[in-house]
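Single-structure report; data block below.
The values are calculated or read from the model by the stated rules, or taken from the named source; none is laboratory data. Just so it is clear, the structure is predicted and the values come from calculations on it, not from any experiment. Note that each Cβ is placed from the backbone with ideal geometry, even for glycine, and that neighbours are counted across all protein chains shown.
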Amino acid sequence: MGVILSLLVAWQIRTGGGTNSPRGNLKRRYHLAVSGTRVADAGREEKKNKWVVHEVPRIGSDGESEEASGASDEVTSPVNVKLRQNKNRRITQEDVNKRLSLPADLRVPDAFLQKQSISPDGPLSRASRRQSLSEIGFGRMETYTKLDKLGEGTYATVYKGRSRLTDNLVALKEIRLEHEEGAPCTAIREVSLLKELKHANIVTLHDIVHTDKSLTLVFEYLDRDLKQYMDECGAQLSMNNVKIFLFQLLRGLAYCHQRRVLHRDLKPQNLLINDLGELKLADFGLARAKSVPTKTYSNEVVTLWYRPPDVLLGSTEYSTQIDMWGVGCIMYEMISGRPLFPGATVEDELHLIFRTLGTPTEATWSGINSNEEFSQYSFTSYSGEPLLARAPRLAHDSALGLLTKFLLYEAKKRISASVATKHPFFESLGHTIHTLKDQDSIFSCPGLMLTRDHSYKVTNGNQARTRRQSMHF
């Protein structure tokens, strides 16, 4: 290869070929052909390594197995930004942030910047990127300061914390690891899904800290959930705010469903809200990606009050429609100020649903009479109650029409999240909301803002400590 290149150069000099002549371009074409072959080889190698499975993987700060990343050390990252080899130019934070795809507000340690200025890195591999992130402070518990404990459960403890890299507040979900069992499957599932879900209405996973005793997930911090917000508003939200929150919920959910991800645990406590009024889906511990070959899932999902009747009756074959029933329950709760179906047991939950919406028949739910669990309960035949009598505000802006599309007995007939965002109920929010990019905030739309709800109470620090029981334990 070197001999061929030398002959080409000699031929160019002998013929006087410049960089703009056909002969002068031959050398450049040769370089492009060789580099293109290397890129293609690297792509094939990446596909080959993609399916290698390692036992007992250790999770790195980027959510990847450290062993798996090491196996593909020569594969260049999609973020292939090279730092300029100019000795007289000092490498800036902006250079490093761009190269490593870091947030603009992150403070890179001076020692790391100095090292990059002296010895700039070459093409970025997964291993070299992980090494750089570790040197900056990612994947290390000392990077985060615990401030307050927000809650504790069987598997995890959630703290309010602060990042020393950005000085921003964060939520630290510390999951205890059992020596024999390792990380809970819910934690692994949450990490794997949130790595891929990048949306303005889905909570951001900033970092992962894996030690022998714990797995800590570092999330963006949002100071309240929807349940707490409703409590602070005297359980009655303005219709404008109902629309803004519901649209954001549907927008985030549509993004998940387009990627075949089912949340499976929608409830007000898992919908977080920041000071701007941005609502974000959180707690993906029960979520999962719906694969084509597998249709059977657990029916022990979704908190009882927001669980659809088909799942309550034992169905394990479901799709994205499982989330839409919960959306309807949440919509009703925001408008009326109280839960729609607050059952204590599965039977009680079904009784409340049938009494409100009417006991299902073959006309309203095809195949219900052949459901063994439904037949065993021997429910009273109810004709249903008018929802308007229970929540008069449903008469406003086609709210009742949208709600009924969520609360259909047959799952396949429920309205999808994507279609629901285009319902006339949201017309007052303007047309700009339908042009937003995935990571754009709804409040980037001109003139769109929350209304100050009547009886809204501002929480103090002590109240905030005992707030949500979300980000589940």
Take the stretch 316-366 and flag every residue that is farther than 27 Å from Gln228 by Cα, more than 26 Å from the chain's Cα centre (by Cα) and assigned to a loop (DSSP other than H, G, I, E, B). Gly358, Thr359, Pro360, Thr361, Glu362, Ala363, Thr364, Trp365, Ser366
Which one is surrounded by the fewest Cβ atoms within 10 Å (Cβ to Cβ) among residues in the stretch 211-242 that are assigned to a helix (DSSP H, G or I) and touching a Leu at 6+ places or on another chain (Cβ under 7 Å)? Asn241
Out of (1) in a helix (DSSP H, G or I); (2) at pLDDT below 95, what's the single condition that is false for Ile208? (1)
Considering residues of the stretch 398-424 that are within 24 Å of Arg259 (Cβ to Cβ) and among the β-branched types (Val, Ile, Thr) only, the residue surrounded by the fewest Cβ atoms within 10 Å (Cβ to Cβ): Val419
Within the stretch 258-286, of all residues that are over 12 Å from the mean Cα position of the chain (by Cα), of a type outside the set (S, T, N, Q) and over 26 Å from Glu232 (Cβ atoms), the one surrounded by the fewest Cβ atoms within 10 Å (Cβ to Cβ) is Arg260
Qualifying positions in the stretch 428-472 - surrounded by 13 or more Cβ atoms within 10 Å (Cβ to Cβ), part of a helix (DSSP H, G or I) and modelled with pLDDT under 50: Gln463, Ala464, Arg465
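Got a sec? Which helices (runs of 4 or more DSSP H) wholly within the stretch 367-424 have at least 3 residues that are in contact (Cβ under 8 Å) with a residue 12 or more places away in the chain and closer than 20 Å to Arg307 by Cα?
Details: elements: 372-377, 387-390, 399-406, 417-420.
Those helices (runs of 4 or more DSSP H) span 372-377, 399-406.
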Only one of Thr166, Thr204 is touching a Leu at 6+ places or on another chain (Cβ under 6 Å), closer than 19 Å to Asp223 by Cα and not charged (D, E, K, R). Can you tell me which? Thr166
Just give me the residues in the stretch 159-179 being assigned to a strand (DSSP E or B) and out of contact with any strand residue (DSSP E or B) (no Cβ under 9 Å at 6 or more places or on another chain), in sequence order. Glu178
